Amino acid sequence: MATKRKAVEGGTKPKEALRLSREEERARILELVTRLARGKEKRTFSWQGRVTSVQPRIRLTRSFDQSSHTYLGYALRIDGTIGDDKREFWVGIGGAAHAKHRLEIGVLASGECQFVSDPRLETVEYYKVARLKIEESTGSPEPSSSPPWRGVPPELPLYRERGHRRLAPQTYTASCSSCKWGCNMAVEMIIDQWNPTNRRYRTETFCYGPKSCSLYKAGPKRVVPGRKGMRWVEEDWVDEEATSHRED
């Protein structure tokens with residue numbers, strides 16, 4: 001369900017935020033064009049490796065002061081091989097696959113996948129996973145009691161129920177990319193509701209974890225572009241309202 005909020009003008013360095021989102025958009029479009037030109041978007045890759053992160057895979061759609069979420073499944077960070085490459089990569093799986101295999105950090109897994117068809121709408125590189133198999137169940141013996149939190153991530157409805165707070169990108173990269181409460185979302189922004197084809201894309205990081213987390217840093221407020229050069233700044237009260245129903 002979309003959430004409507006009061007529009008606010010101003011914010012912290014809006015021009016820099018808009019410039020960053022445009023650079024991200026150009027990079028993702030270039031990546032998509034390259035894949036289409038090479039005909040690799042439907043190629044199937046075999047992969048195997050150790051799971052180093054399991055996080056919710058959620059897409060955020062913004063239209064000025066309104067937003068909604070699409071719960072796609074889970075994002076797995078794998079340290080292993082994909083096709084002929086040996087490296088770290090991200091793979092997207094559905095909620096049903098996660099419920100069946102209950103993946104967590106430390107597990108050795110394998111499967112087949114494809115390039116995402118539109119990298120602007122995903123933060124993972126690959127999806128449509130088939131023949132998912134657990135090679136070794138060597139996950140952590142018990143969930144961690146301090147951040148970053150490990151263990152089997154909860155079902156997607158719990159993330160929806162908890163609500164999120166914005167998370168500084170630097171903090172996510174340094175401390176939260178392996179935490180089950182962290183989330184790197186692909187963001188699709190509808191710039192003009194009267195012309196829905198006018199869209200921009202970027203990524204935003206969020207935290208679904210306890211409010212008492214010692215590693216948490218909110219980072220700068222998010223600026224959402226609108227029609228005719230208008231801007232909407234997502235103030236702190238938005239996060240407070242989204243998480244006000246839970247104590248921690």
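The values are calculated or read from the model by the stated rules, or taken from the named source; none is laboratory data. Keep in mind that this is a model prediction, so the values were computed, not measured. Cβ atoms come from the backbone with ideal geometry, glycine included; neighbour counts cover every protein chain shown.
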Considering only residues that are within 24 Å of R43 (Cβ to Cβ), in contact (Cβ under 8 Å) with a residue 60 or more places away in the chain and assigned to a helix (DSSP H, G or I), which ones fall in the range 91-143?
P119, R120, L121
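Results for (1) in contact (Cβ under 8 Å) with a residue 24 or more places away in the chain; (2) touching a helix residue (DSSP H, G or I) at 6+ places or on another chain (Cβ under 8 Å); (3) more than 27 Å from S46 (Cβ to Cβ); (4) surrounded by fewer than 20 Cβ atoms within 10 Å (Cβ to Cβ), shown as yes or no for each residue.
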| site | (1), (2), (3), (4) |
| --- | --- |
| S145 | no, no, yes, yes |
| R160 | yes, no, yes, yes |
| L167 | yes, yes, yes, no |
| S175 | yes, no, yes, yes |
| C183 | yes, yes, yes, no |
| V187 | yes, no, yes, no |
| W194 | yes, yes, yes, yes |
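Just to be sure, is G73 over 14 Å from the mean Cα position of the chain (by Cα), assigned to a strand (DSSP E or B) and over 19 Å from T173 (Cα atoms)? I'd like the intermediate steps shown before the answer.
Details: over 14 Å from the mean Cα position of the chain (by Cα): no; assigned to a strand (DSSP E or B): yes; over 19 Å from T173 (Cα atoms): yes.
In short, no.
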Could you grab me the full set of residues in the range 117-138 that are among the hydroxyl-bearing types (S, T, Y) and farther than 20 Å from I58 by Cα?
S137, T138
Tell me, which residue of the range 29-55 that is at pLDDT below 65 and not in a helix (DSSP H, G or I) is surrounded by the fewest Cβ atoms within 10 Å (Cβ to Cβ)?
G39
Which of the residues that make up the range 196-208 are surrounded by 13 or more Cβ atoms within 10 Å (Cβ to Cβ) and among the β-branched types (V, I, T)?
T203, T205
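With respect to K211, is the statement that it is under 26 Å from W47 (Cβ atoms), surrounded by fewer than 17 Cβ atoms within 10 Å (Cβ to Cβ) and more than 16 Å from the chain's Cα centre (by Cα) true? Please lay out each step first, then the result.
Values: under 26 Å from W47 (Cβ atoms): no; surrounded by fewer than 17 Cβ atoms within 10 Å (Cβ to Cβ): yes; more than 16 Å from the chain's Cα centre (by Cα): yes.
No, not satisfied.
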Residues (within 16 Å of L76 (Cβ to Cβ) and of a type in the set (V, I, T)) located in the range 129-180
V129, I134, T138, V152
Residue pairs meeting the criteria (Cβ under 6 Å; at least 6 apart or on separate chains; first without any contact (Cβ under 8 Å) to a residue 24 or more places away in the chain and surrounded by fewer than 19 Cβ atoms within 10 Å (Cβ to Cβ), in the range 221-235; second of a type in the set (D, E, K, R) and assigned to a strand (DSSP E or B)):
none
All positions within the range 111-143 that are among the hydroxyl-bearing types (S, T, Y) and surrounded by fewer than 17 Cβ atoms within 10 Å (Cβ to Cβ):
S117, S137, T138, S140
